[in-house]
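Remarks on the structure that follows.
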Amino acid sequence: MKMLLGIDIGTTNCKAAVFDVNGKCMKIASRPTKTHYRENGQAFYHPDEIWEIVSSNIEEAIKDFKNSIAVIGITSMAETGLLIDKRSGLSKTEMIPWFDKRAMEEAEFIVRSSDPIERFSKSGLRPSFKYGLPKLLWLKQKDSGITNDAIWLSASDFIAYKLTGEFGTDYSLAARTYGFRIDEKTWDVPWLNSFGLEDSLFPDAHLAGTPIGEVSNQECIEFGLSKGTPVAVSGHDHVCAALAVGAVNPETVLDSMGTAETLVGAFKERKLGEKEYRTGLSYGCHVVKNRNFWMGGNPSSGGSIEWMRSQLSDTQLTYDEMLQLLAETSEGPSGILYFPYLSGSGAPNPNPYAKAAFIGLEKNHGKKDIIKSILEGTAYQLKLVQKSAEEIAGKEITKVVAVGGGTKNKYWMQIKADVSGCSYSIPDISESTLLGAAMAAGIGSGIYRDEQEAIDKISSQFHKEITPNEKNQTTYQEVYTNEFLKMEELLRNYYQKQ
């Protein structure tokens, strides 16, 4: 039987999983992503260390399925990347994470270099330190010759290269460099040249799931991958998750809950303009053909939970302990406003200088109230994204499919439903990002005729649906409108002046 291998290089964990063609997960392997920090706060990954983690995952996942893997699809955190020497194949730089802020000044320089709406109409993005272009300018500022004989690879591209010896990427990840035209699906050569960069610095880009090469890595062949197995870059992790749950049409919106949380919607390809720019959302090429996606979220959603778990106890608060504390809280708003900007604010009002804040703390508040306020704050922030997305959709969003570890927290899911006014469906898929990566590769290799056949074969079942509590929805709406929105604007304006 044909098996599909999905690989995900994530902020918290790297994973590999084997699926059958009907989407059943046969085996999964997971190891923590090792993030390193310097004294100045810069974060980085060691490329060889990431490869070691990924290759160990592959070996463990395919142990009982040797030589039966028909295709490999790779997804990753979108903006993370590094430079590789084209001749030696060795890394020239460390792998710079999406959340590292070292390129803030370069991002501001880029802002001054073009008309923002014109650039947006081509790229689908507003400038940010996260993207590949400012990272490259930062690297060149440190070493003017660093890009000589080099190629910029995303985390997915890097793993694909290690497996195949070939360079390539997909449209959805290429677009996160801020040097790619999503309207033409080509590298923007004049734009790149204006910064002293050649288009040869970037790999060829293809529709997600298109094989860029075949397995040739001898180490992987020895532990069970067949030589010649097609390898594909499957694209942006959140958009791969959208494919897995069938969120490839405008009527279905995905809430991908991880360290960062993102709302993702799909629409037919069209020219972007000022209307889309005003929403504050980012846009890009979907992992399925002839579609774009809109995206907006909070870079510190699950990250806020993890941060608080470490702050409230000498030993990290367990998830069970957190749920027990939440069970002791009363229904409705906590009375505390939390603004989840530990890594700056995302859409629809992106501001890398924004800081997190608690407002309304009283001496009678305890751990349980602080935890609940974090859940509420992340829900309010996502409500901002929802309202912007509704401008694009031209109608209210009422149904959301949620995936990720956060869906296991029933209190969080109920708060999200109450704040958003949407019903939240949780599919019976434990690893949607991995499955989406495998599906995209399966489509690109002809295992599935197209995305619809893949979705029909997977046929996700929803094991839970959370609907808004009418009373709580009303009170949360009042807090959102009369308190959160007003304070969010004040905080945002305050930090813009700093």
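Brief remarks follow.
- Scanning segment 222-249 for residues that are within 14 Å of the chain's Cα centre (by Cα) and in a helix (DSSP H, G or I), we see that the one that is farthest from Gly444 (Cα to Cα) is His238.
- Residue list for segment 96-110, restricted to those being hydrophobic (A, V, I, L, M, F, W, C) and surrounded by fewer than 24 Cβ atoms within 10 Å (Cβ to Cβ): Phe99, Met104, Ala107, Phe109, Ile110
- Residue, farthest from Ile69 (Cα to Cα), within segment 1-15, restricted to residues that are surrounded by fewer than 18 Cβ atoms within 10 Å (Cβ to Cβ) and touching a residue at least 40 places away in the same chain (Cβ under 8 Å): Thr12
- Residue match in segment 270-289 (condition: more than 16 Å from the chain's Cα centre (by Cα), among the polar types (S, T, N, Q) and either surrounded by fewer than 23 Cβ atoms within 10 Å (Cβ to Cβ) or within 29 Å of Asn482 (Cβ to Cβ) (or both)): yes
- Scanning segment 127-150 for residues that are surrounded by 21 or more Cβ atoms within 10 Å (Cβ to Cβ) and either at pLDDT below 95 or under 24 Å from the mean Cα position of the chain (by Cα) (or both) gives Pro127, Ser128, Phe129, Lys130, Tyr131, Gly132, Leu133, Pro134, Lys135, Leu136, Leu139.
- Criterion applied to Thr329, Thr315 was being surrounded by fewer than 22 Cβ atoms within 10 Å (Cβ to Cβ), β-branched (Val, Ile, Thr) and modelled with pLDDT of 90 or more, and the one residue passing it is Thr329.
- Qualifying residue in segment 462-476 (condition: outside any helix (DSSP H, G or I) and of a type in the set (A, V, I, L, M, F, W, C)): yes
- Near pairs, Cβ below 9 angstrom, 6+ apart or cross-chain, from segment 16-34 (surrounded by fewer than 16 Cβ atoms within 10 Å (Cβ to Cβ)) to any residue that is modelled with pLDDT of 95 or more and of a type in the set (A, V, I, L, M): Arg31/Ile53; Arg31/Val54; Pro32/Ile53; Lys34/Ile50; Lys34/Ile53
- Options Asn351, Asn364: the member that is without any contact (Cβ under 8 Å) to a residue 12 or more places away in the chain and among the polar types (S, T, N, Q): Asn364
- Qualifying positions in segment 355-391 - β-branched (Val, Ile, Thr) and closer than 29 Å to Glu431 by Cβ: Ile371, Ile374, Thr378, Val385
- Matching entry among Thr75, Thr12 (being under 24 Å from Val245 (Cβ atoms), hydroxyl-bearing (Ser, Thr, Tyr) and at pLDDT below 95): Thr12
- Residues of segment 160-201 that are in contact with a Phe, Trp or Tyr (Cβ under 7 Å, 6 or more places away or on another chain) and under 21 Å from Thr93 (Cβ atoms): Tyr161, Lys162, Phe167, Ala174, Arg176, Thr177, Tyr178, Gly179, Phe180, Trp187, Asp199, Leu201.
- Filtered residues of segment 436-447 (kept if under 25 Å from the mean Cα position of the chain (by Cα) and surrounded by fewer than 24 Cβ atoms within 10 Å (Cβ to Cβ)): Ser445
- Residue within segment 374-391 that is in contact with a Lys or Arg (Cβ under 9 Å, 6 or more places away or on another chain) and among the polar types (S, T, N, Q) present: yes
- Against the conditions (1) closer than 21 Å to Thr433 by Cβ; (2) surrounded by 18 or more Cβ atoms within 10 Å (Cβ to Cβ); (3) in contact (Cβ under 8 Å) with a residue 60 or more places away in the chain, Gly405 satisfies every one except (2).
- Look at segment 190-215: where a residue is farther than 20 Å from Cys285 by Cβ and a partner is among the basic types (Lys, Arg) and part of a loop (DSSP other than H, G, I, E, B), sitting 6+ places away or on another chain with Cβ atoms under 8 Å, you get Glu214/Lys227; Val215/Lys227.
- Within segment 184-198, the set of residues being at pLDDT 95 or above and at negative phi comprises Glu184, Thr186, Trp187, Asp188, Val189, Pro190, Trp191, Leu192, Asn193, Ser194, Phe195, Leu197.
- Ala175 vs. criteria more than 30 Å from Ser56 (Cβ to Cβ), in contact with a Cys (Cβ under 8 Å, 6 or more places away or on another chain) and not charged (D, E, K, R): yes
- Top-ranked residue in segment 416-442 [being among the hydrophobic types (A, V, I, L, M, F, W, C) and in contact with a Lys or Arg (Cβ under 8 Å, 6 or more places away or on another chain); ranked as nearest to Thr475 (Cα to Cα)]: Val419
- Filter result for Tyr424 (part of a strand (DSSP E or B) and touching a helix residue (DSSP H, G or I) at 6+ places or on another chain (Cβ under 6 Å)): yes
- Extreme residue, farthest from Glu166 (Cα to Cα), among residues of segment 84-97 that are touching a residue at least 40 places away in the same chain (Cβ under 8 Å) and over 21 Å from the mean Cα position of the chain (by Cα): Thr93
The values are calculated or read from the model by the stated rules, or taken from the named source; none is laboratory data. Everything numeric here is computed off the predicted structure, so don't read it as measured data. No Cβ is skipped: glycine too gets one built from the backbone with ideal geometry, and neighbour counts run over all protein chains shown.
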